Amino acid sequence: PVIPWGCTDPTMHTTYDLARKWGVGTHIHVAETREEVEMNLKSRGNRHIEWLAGLGILGPDVQLVHSVWLDDHELELVQKHGAVIVHCPVSNMYLASGAARIPEMIRMGIPVALATDGPGSNNNQDMMEVLKTTALLAKLSSLNAMAVLPEQVLQMACRGGSKAFGQPDKIGSLEAGKKADVVMVDLDTPFAMPVHNAVSALVYNLSYGSVDTVLVDGKILMKDKEILVVDEKEVLKEARKACKLLFERAGVK
């Protein structure tokens, strides 16, 4: 159920019940813009989080994407029910949606994960860029240069992500017994030298081009900056072809 204004109450109950039956989470974009919140107030008489709480759809298995325009009461509801915020800072700036209250969420112990929101409102899927932007937007919106520290950003990206996926006991940190999901990043670059703090360099200095090796559940997907599981050039070729055919079917020259 992507957006509140696209779902009726029965639709929300149906999708949420199915998600629980299947053992997966519910993913919904809430309070992304001020206008959407005002729409909900006009049509339902409450704000997005109040609406979900009233329906009984708010818990650790619910991903609240964006959550830019949450008031104090809504933050308390999210905290009480243990739902996960999915923060998309680049998208929020790209669309001028606003800045989520991330420092306050962290102080309240609300789980926060990070995301790009996709190419439609971001233009790329660079999660390394999201790391830096998360810290910078929090600093700017709070006028506090220490609002969110690099260590907190990394925790949101890793442990926060594992909570959003409902698998904090399986992924999100390098521990014995967890899945071998590992991203190795090359710090030996002019963009990071000299490295005084590895976490700070990871968040502020680097981009996707510094990712050297990627393992998922112990399987090596990328090594020496080369993707091993697909022919990247062939995929790009297919993407160009698919775009051309889409334009042709749509009658767009």
What residue, among those in region 129-183 that are among the polar types (S, T, N, Q) and within 15 Å of ALA99 (Cβ to Cβ), is least open to solvent (accessible area, probe 1.4 Å)? THR134
Within region 1-18, residues being open to solvent by 70 Å² or more (accessible area, probe 1.4 Å) and β-branched (Val, Ile, Thr) number 3
Can you give me the number of residues within region 151-168 that are in contact (Cβ under 8 Å) with a residue 24 or more places away in the chain and assigned to a loop (DSSP other than H, G, I, E, B)? 2
Output for Cβ contacts, cut-off 7 Å, separation at least six or different chains, first residue over 13 Å from VAL84 (Cβ atoms) and of a type in the set (Val, Ile, Thr) in region 15-33, second part of a loop (DSSP other than H, G, I, E, B) and open to solvent by less than 30 Å² (accessible area, probe 1.4 Å), reads THR33/SER97
List pairs: first residue in region 117-146 and in contact (Cβ under 8 Å) with a residue 60 or more places away in the chain and of a type in the set (A, V, I, L, M), second residue open to solvent by 60 Å² or more (accessible area, probe 1.4 Å) and in a helix (DSSP H, G or I) anywhere in the structure, Cβ distance under 6 angstrom, at least six positions apart or on different chains. MET128/TYR208
Hey, any hits in region 22-39 for a residue that's at pLDDT 95 or above, of a type in the set (Gly, Ala, Ser) and part of a helix (DSSP H, G or I)? no
ASN124 vs (1) surrounded by fewer than 16 Cβ atoms within 10 Å (Cβ to Cβ); (2) closer than 17 Å to GLN152 by Cβ: all pass except (2)
Do you know which of the residues in region 19-53 that are basic (Lys, Arg) and open to solvent by less than 80 Å² (accessible area, probe 1.4 Å) is farthest from the chain's Cα centre (by Cα)? ARG44
Failed condition for ASP72, given (1) under 22 Å from GLN152 (Cβ atoms); (2) under 21 Å from the mean Cα position of the chain (by Cα); (3) open to solvent by 50 Å² or more (accessible area, probe 1.4 Å), with all others met? (2)
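The values are calculated or read from the model by the stated rules, or taken from the named source; none is laboratory data. Remember, it's a predicted structure, so these values are computed and weren't measured experimentally. Heads up, the Cβs are rebuilt from the backbone with ideal geometry, glycines too, and the neighbour counts pull from every protein chain shown. Side chains included, ligands, DNA and RNA excluded: accessible areas come from the protein's heavy atoms. Shrake-Rupley method; radii C 1.70, N 1.55, O 1.52, S 1.80 Å.
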